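Reviewing the structure listed below.
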Amino acid sequence: MPVYVVTGTNRGLGLEFIRQLASSPSNTILAAVRSLPSDLGELRAVASPTTHILECDTSSITSIHTFAKAAAQILNPSNLKIDFLINNAAINPASWQSSLTLVPDDLTAQINTNVLGPAKTVEFLLEQNLLSENVRILNMTSGLASLKISAEIKPRKAAGYSISKAALNMLAVHQAEDLKEKLPGVVVIVMDPGWVKTRMGGNGAILEPEESIGGMLKVLEGLKGDDNGKFFHNSGEERPW
Ligand SMILES: NC(=O)c1ccc[n+]([C@@H]2O[C@H](COP(=O)([O-])OP(=O)(O)OC[C@H]3O[C@@H](n4cnc5c(N)ncnc54)[C@H](OP(=O)(O)O)[C@@H]3O)[C@@H](O)[C@H]2O)c1
C-alpha cells in the first residue's frame, strides 16, 4: 500500500500524477490543492476511493503546517508513512522578465512558492514523523534550472523562474544530505518533466501530460539509493547541473 503525496493537483501535471496514481487501487494518495473552495471537478473525477484531497497553499507557511497536521490525521490511524512525496506546485508568473528587468515582488513570489514551499513541506512532514525511512522525494524542476542549459537558451526567457528553479535544485542537494542523517534510505531528486502541454507549458509544448508523467513515475519508482541528490530528465537520463 504505497503512500503518495502530490502538491498542486487541481490541474496540469499534478492532476495527471493523480490520474495515473489513482488507477492503481492499492495506492493511498494525498492530493494537495491551493484552495479547497476552488473548482476541483477534474480532480474529483480522477480520484480513487483512497485519494484524499487536502488544502496546501505552498506559498504559505501556515497552510503547509496545517496540511502536515491534516496528513498525520489521515495516515497515523492506519500506521501509514509517506513513500513518495512529489513537490509539484510552482508558478511562473512573469516569463517575459529578463535578468535586466526583474520585478522584486515577482521574484519573491517565485522563491516563496517554488523554493520555500518544497522546503517547508518536507520539513513539516518530517516533523510529524510521516516520512518513511526509504522515502523518495521528487522536487519538480525544469531544464531552465540547469546552469549549462540556461546559458545556451535563445531567445532568453523566464529569468526569475529559472533563478527560483536553480535554487530549488540547490535545496534538493541540501535535503539529500540533511535527510540522510535522519532517514538513511532517503532518496531526494530533482526532475525535469520535459516541455509539456499545460497552462504553464503552453499549447506549443512538445509532450502530452500522460507521456511526461508516465516517464516520471517510472523513474521515481525505480530510484536506487545511490540516486540520492541527482538531477534527472523524465526520460531517466541525467541532466547537467
Ligand atoms: N509544463 C512544463 O512544460 C514544465 C516544464 C518544466 C517544469 N515544469 C514544472 O512542473 C510542475 C507543474 O507544472 P504545470 O505545467 O502543471 O503548471 P501549471 O499548469 O501552471 O499548474 C501549476 C499547478 O501548481 C499549483 N500551484 C501554484 N501555486 C500554488 C500554491 N501557492 N499552492 C498550491 N498550489 C499551487 C496550481 O494551482 P492553482 O490552479 O490553484 O494555481 C496548479 O495546480 C511545476 O513545478 C513546473 O515548474 C513544467
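Of note:
- Cβ-Cβ under 6 Å pairs, at least 6 apart or on other chains, segment 84-112 side farther than 12 Å from Ile163 by Cβ, far side among the small types (Gly, Ala, Ser): Asn88/Gly8; Asn88/Gly14; Ala89/Gly8; Ser95/Ala158; Asn112/Ser59
- Of all residues in segment 1-43, exactly one satisfies the criterion of being modelled with pLDDT under 95 and near the ligand (Cβ under 7 Å from one of its atoms), namely Ser38.
- Selection within segment 123-139 - buried (at least 24 other Cβ atoms within 10 Å of the Cβ) and among the hydrophobic types (A, V, I, L, M, F, W, C): Leu125, Ile137, Leu138
- Within segment 149-193, the residues that satisfy the criterion of being assigned to a loop (DSSP other than H, G, I, E, B), open to solvent by 30 Å² or more (accessible area, probe 1.4 Å) and over 25 Å from Pro104 (Cβ atoms) are Lys154, Glu181, Lys182, Pro184.
- Per-region count, segment 44-59, residues more than 9 Å from the ligand (Cβ to nearest atom) and either of a type in the set (S, T, N, Q) or surrounded by 16 or more Cβ atoms within 10 Å (Cβ to Cβ) (or both): 8
- Residues that are in contact (Cβ under 8 Å) with a residue 60 or more places away in the chain, in a loop (DSSP other than H, G, I, E, B) and farther than 15 Å from Glu221 by Cβ within segment 1-26 comprise Thr7, Gly8, Thr9, Arg11, listed in sequence order.
- Some residue of segment 18-26 being of a type outside the set (Val, Ile, Thr) and under 18 Å from Gln128 (Cα atoms): no
- If you go through segment 12-26 and pick out every residue that is open to solvent by 20 Å² or more (accessible area, probe 1.4 Å), more than 15 Å from the chain's Cα centre (by Cα) and under 21 Å from Glu211 (Cβ atoms), you end up with 4.
- Filter pass, Ser63 being open to solvent by less than 40 Å² (accessible area, probe 1.4 Å), within 10 Å of the ligand (Cβ to nearest atom), in a loop (DSSP other than H, G, I, E, B) and out of contact with any helix residue (DSSP H, G or I) (no Cβ under 7 Å at 6 or more places or on another chain): no
- Members of segment 179-233 that are free of Cβ contacts under 8 Å to residues at least 60 places away in the same chain, under 30 Å from Gln128 (Cα atoms) and within 12 Å of the ligand (Cβ to nearest atom): Val190, Met191, Asp192
- Residue match in segment 27-34 (condition: free of Cβ contacts under 8 Å to residues at least 40 places away in the same chain, assigned to a helix (DSSP H, G or I), open to solvent by less than 40 Å² (accessible area, probe 1.4 Å) and not aromatic (Phe, Trp, Tyr)): no
- Some residue of segment 201-211 being under 14 Å from the mean Cα position of the chain (by Cα) and either at negative phi or open to solvent by 10 Å² or more (accessible area, probe 1.4 Å) (or both): no
The values are calculated or read from the model by the stated rules, or taken from the named source; none is laboratory data. Owing to the predicted nature of the structure, the values given are computational and were not obtained by experimental measurement. Virtual Cβ from ideal backbone geometry, glycine too; neighbours counted across all protein chains shown. Accessible surface is based on the protein model in full, side chains and every heavy atom, while ligands, DNA and RNA are left aside. Shrake-Rupley method; radii C 1.70, N 1.55, O 1.52, S 1.80 Å.
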